[in-house]
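**Q** Below you will find the structure I want to go over with you.
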Amino acid sequence: RAITVFGHVCYDFSSPKIQRTGPDNAVLGIAGLEREGLMTAVQLRERHGLEIKDVAEKQGWDLFELSGSKGGPAASAALSAFQLLTEGTVDFYGMIGNDRIGDLIAAYFDSYCIDGGNLIRSEHPTSYTLVINEDLDLGKESRTFLHETGANGFAAVSDYPETCFKFNKAERNVVMVGGSFLMPGLHPNGTLDIFRKAKDQKAFTILSTVRDPSEKWELGKGASELIDLLIMDRHEACKIAGYDNNVTGSFLLNWFNGSHFRNVIITDGTNGAFMYATDPNIFAKADGFPFHVPASELIMSLDRPKYGLGCGDCAAGGFAVAVAEHMTPLQAGLFAMSAGGACALNIAGEIGEPVAQGEHRYLVNFLFNQMLRQLGMVEDRLTPAQVDSARRILQ
């Protein structure tokens with residue numbers, strides 16, 4: 001098994017949690033910065049004459065003194081897969097600059113023992129995001145993003161070494177592109193070029209989307225043929241399909257099925273995920289029947305703070321592992337929701353602290369088993385030591 005991930009990597013600076021800062025369309029008083037939305041540094045500059053650091057300074061924040069970690073949909077998915085895949089390899093290819101933030105990201109990857117040499121240095125500055133954390137009414141939390149596109153915005157297929165496109169190193173190869181809407185030099189045509197290279201070598205392809213600040217929401221010509229598995233959150237799925245946020249997950253699944261996408265997952269935060277799978281080569285026993293996968297009741301019941309940052313990306317990494325291991329659709333959904341649930345307990349958007357490859361698998365397996373019981377199904381086997389360790393972490 002081999003999982004290769006291309007795409008978006010950045011550094012996330014996370015603000016202190018603050019009380020609601022304004023109406024839904026003016027977080028921090030910035031017109032057009034909608035709650036839970038994303039605004040690029042270019043948009044911030046053109047519309048308001050501000051830099052991200054100006055916004056931070058107005059709040060009394062020094063970016064480098066804020067809590068920070070690696071971010072980016074592709075990077076987070078790759079590290080999630082690395083934490084969970086016990087047999088096989090995980091590689092990640094992303095663009096960073098020759099600067100302090102790029103060094104932070106490289107050190108972060110090195111701490112996981114995943115090859116930081118695959119981070120390609122660019123003449124452009126490293127991408128970063130200011131994550132604005134708000135405490136809303138009734139205890140609800142919200143995250144809104146100011147994003148510097150940086151090196152990601154200039155990445156092209158030609159920037160990746162040709163050796164990274166040799167996918168015939170395992171019986172089951174999975175090739176994922178993550179966050180390409182934030183990479184205008186790559187998406188959509190470059191993304192589809194990567195998938196063509198993958199399909200030529202019998203690899204399985206996954207696209208994990210993210211917000212499109214350009215509002216074009218185009219997947220490209222022939223996308224449904226080249227993308228074996230399409231992963232989106234509900235907001236992204238609505239935008240791609242051309243609907244507002246009021247349509248249901250089931251309605252969206254029908255739209256994507258009618259648009260010839262063979263395997264589709266729509267995540268919806270604490271509401272779990274909606275999915276269908278029609279290709280038994282991707283998921284075992286794929287019957288095409290749409291279904292809902294709930295969030296983990298155990299995670300939601302824990303008397304501990306829960307965070308949303310990076311959970312969908314960790315779930316995407318879980319789905320990549322599920323494809324690599326040829327799980328059934330239901331197994332894949334429960335496994336990925338367990339990965340996202342484990343991430344929800346970590347501020348930095350990780351399943352856990354840096355470990356060797358595969359060493360967080362037992363924790364996600366424990367949550368997977370809990371979800372099987374939640375659905376009235378049979379528990380899989382874990383050793384007593386693994387169960388005790390998982391319970392200690394979740395206490």
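**Q** Going Cα to Cα from Lys202, which aspartates and glutamates come in below 16 Å? Please leave out same-chain ones fewer than 8 positions away.
**A** In chain and number order, the partners are Glu171, Asp193, Glu225, Asp228, Asp279, Glu325.
**Q** Please list the non-local residues whose amide H lies under 5 Å from the amide H of Ser127, H modeled 1.01 Å from N, same-chain partners needing a gap of 5 or more.
**A** Gly97, Ala151, Asn152
**Q** Which one of Gly29, Gly349, Ala81 has its Cα pushed farthest toward the positive end of the charge dipole of the chain, where Lys and Arg give +1 and Asp and Glu give -1 at the Cβ?
**A** Result: Ala81.
**Q** Given a Förster distance of 45 Å, report the FRET efficiency between Lys17 and Asp279 from their Cβ-Cβ distance, rounded to the nearest 0.05. Walk me through the numbers on the way to the answer.
**A** Working: r = 42 Å, r/R0 = 0.94.
Rounded to the nearest 0.05, the efficiency is 0.60.
**Q** For the stretch 103-163, what is the relative contact order in percent, using Cα pairs closer than 8 Å and at least 6 residues apart in sequence? Could the numbers behind the result be given before it?
**A** Details: 55 pairs, mean separation 17.3, N = 61.
Relative contact order comes out at 28 percent.
**Q** Report the residue, chosen from Asp313, Asp54, Asp12, that carries the largest GNM mean-square fluctuation when the chain is represented by alpha-carbon nodes joined by springs under 10 Å.
**A** Fluctuation is largest for Asp54.
**Q** Leaving out ligands, DNA and RNA, what percent of the accessible area of the stretch 1-48 is carbon and sulfur, probe 1.4 Å? Numbers along the way, then the final one.
**A** Details: 910 of 2000 Å².
It is 45 percent, rounded to a whole number.
**Q** Where the convex hull is taken over the Cα atoms of the stretch 22-177, what is its projected area averaged over directions, in nm²?
**A** Details: hull surface 45.6 nm².
In nm², the orientation-averaged hull projection of the stretch 22-177 is 11.4.
**Q** So if we plug the beta-carbon distance of Glu297 and Asn257 into 1/(1 + (r/R0)^6) with R0 = 30 Å, what FRET efficiency do we get, rounded to 0.05? Can you show the working numbers first?
**A** On the way: r = 29 Å, r/R0 = 0.95.
After rounding to 0.05, the efficiency reads 0.55.
**Q** To the nearest 20 debye, what charge dipole does the stretch 208-247 have about its Cα centre, counting +1 at the Cβ of each Lys and Arg and -1 at the Cβ of each Asp and Glu? List each step's numbers first, then the result.
**A** Working: 5 positive and 8 negative charges, 13 e Å.
Dipole of the stretch 208-247, to the nearest 20 debye: 60 debye.
**Q** Straight-line reach from Lys216: which aspartates and glutamates have a Cα under 14 Å away, not including same-chain ones fewer than 8 places off?
**A** The reachable aspartates and glutamates, counting only those whose Cα sits under 14 Å from Lys216, are Glu236.
**Q** Related question: Ordered by residue, what ³J(HN,Hα) values in Hz, to whole numbers, does the stretch 13-27 give under the Karplus form 6.51 cos²θ - 1.76 cosθ + 1.60, where θ = phi - 60° and Gly and Pro are x?
**A** Ordered by residue, 3J(HN,Hα) equals 9, 9, 6, x, 6, 10, 6, 2, 9, x, x, 4, 9, 8, 4 Hz.
**Q** Exceeding 26 Å between C-alpha atoms, which entries from my cross-link table qualify? They are Lys197/Lys221; Lys169/Lys197; Lys199/Lys285; Lys70/Lys199. Intermediate values should be presented prior to the final figure.
**A** Numbers: Lys197/Lys221 16 Å; Lys169/Lys197 14 Å; Lys199/Lys285 21 Å; Lys70/Lys199 30 Å.
Where the Cα-Cα span goes over 26 Å, the pairs concerned are Lys70/Lys199.
**Q** Also: With +1 on each Lys and Arg Cβ and -1 on each Asp and Glu Cβ, and nothing else charged, work out how big the dipole of the chain is about its Cα centre, in Debye to the nearest 20.
**A** On the way: 34 positive and 48 negative charges, 134 e Å.
Dipole about the Cα centre, nearest 20: 640 debye.
**Q** Further question on the same structure: Give me, ordered by chain and number, the residues 5 or more places off Gln357 or on other chains with an amide H under 5 Å from its own placed amide H.
**A** none
**Q** While we're on this one: (i) 0.98; (ii) 0.94; (iii) 1.01: which one is Rg/Rh (Cα atoms, Kirkwood Rh) as calculated from this entry?
**A** (ii)
**Q** Once amide H atoms are placed 1.01 Å from N in the peptide plane, what residues at a sequence separation of 5 or more from Gly22, or on another chain, have their amide H within under 5 Å of its amide H?
**A** Result for Gly22 returns Leu28.
**Q** How large is ³J(HN,Hα), in whole Hz, for each residue of the stretch 206-216 in order, when computed from phi with the Karplus curve 6.51 cos²θ - 1.76 cosθ + 1.60 and θ = phi - 60°, using x for Gly and Pro?
**A** 9, 10, 10, 8, 8, 3, 9, x, 6, 6, 7
**Q** Nearest 20 debye, what's the magnitude of the dipole of the stretch 38-140 about its Cα centre given +1 on Lys and Arg Cβ and -1 on Asp and Glu Cβ? Don't skip to the answer; put the middle values down first.
**A** Values: 8 positive and 16 negative charges, 38 e Å.
Dipole of the stretch 38-140, to the nearest 20 debye: 180 debye.
**Q** Any chance you could run the full-extension gain for Arg304 through Gln43? It's 0.36 nm times the residue separation minus the Cα-Cα distance, nm to one decimal.
**A** On the way: separation 261, 0.36 × 261 = 93.96 nm, distance 3.63 nm.
Full extension of this stretch gives 90.3 nm more.
**Q** Which value, in Å², gives the accessible area per residue of the chain when a 1.4 Å probe is used on the protein heavy atoms? List each step's numbers first, then the result.
**A** Working: 16290 Å² over 395 residues.
With the other protein chains kept in place, the chain gives 41 Å² per residue.
**Q** What is the gain in length, in nm to one decimal, between Asp24 and Ser250 on full extension, counting 0.36 nm per residue of separation less the C-alpha to C-alpha distance?
**A** Values: separation 226, 0.36 × 226 = 81.36 nm, distance 2.66 nm.
Gain on stretching Asp24 to Ser250: 78.7 nm.
**Q** I need the phi-derived Karplus couplings for the stretch 154-171: 6.51 cos²θ - 1.76 cosθ + 1.60, θ = phi - 60°, integer Hz, Gly and Pro marked x.
**A** Each residue of the stretch 154-171 in turn: 10, 5, 9, 4, 5, 6, 7, x, 4, 5, 6, 9, 8, 9, 8, 9, 8, 5 Hz.
**Q** For the stretch 137-245, what is the Kirkwood estimate of the hydrodynamic radius, computed as the reciprocal of the mean inverse distance between distinct Cα atoms, to one decimal in Å? List each step's numbers first, then the result.
**A** Working: mean 1/r = 0.0655 Å⁻¹.
Evaluated over the stretch 137-245, this radius sits at 15.3 Å.
**Q** So how do Tyr93, Tyr243, Tyr276 rank on accessible area, 1.4 Å probe, biggest first, that is with the largest at the start? Display every interim value, and only then the final one.
**A** Values: Tyr93 30, Tyr243 85, Tyr276 5 Å².
My answer, sorted largest first, is Tyr243, Tyr93, Tyr276.
**Q** Quick one: net charge around Pro125, please, counting Lys, Arg +1 and Asp, Glu -1 for every other residue with C-beta under 13 Å from its C-beta. Show your work: numbers first, answer last.
**A** Details: positive: Lys53, Arg100, Arg121; negative: Glu51, Asp99, Asp103, Glu123, Glu148.
Charge balance in the 13 Å sphere: -2.
**Q** To the nearest 10 square angstrom, what accessible area does Arg143 show with a 1.4 Å probe?
**A** Arg143 has an accessible surface of roughly 30 Å² with all protein chains in place.
The values are calculated or read from the model by the stated rules, or taken from the named source; none is laboratory data. Because the structure is a prediction, the values reported are computed rather than measured. Note that each Cβ is placed from the backbone with ideal geometry, even for glycine, and that neighbours are counted across all protein chains shown. Just the protein is used for accessible areas: all its heavy atoms, side chains included, with ligands, DNA and RNA removed. Shrake-Rupley method; radii C 1.70, N 1.55, O 1.52, S 1.80 Å.
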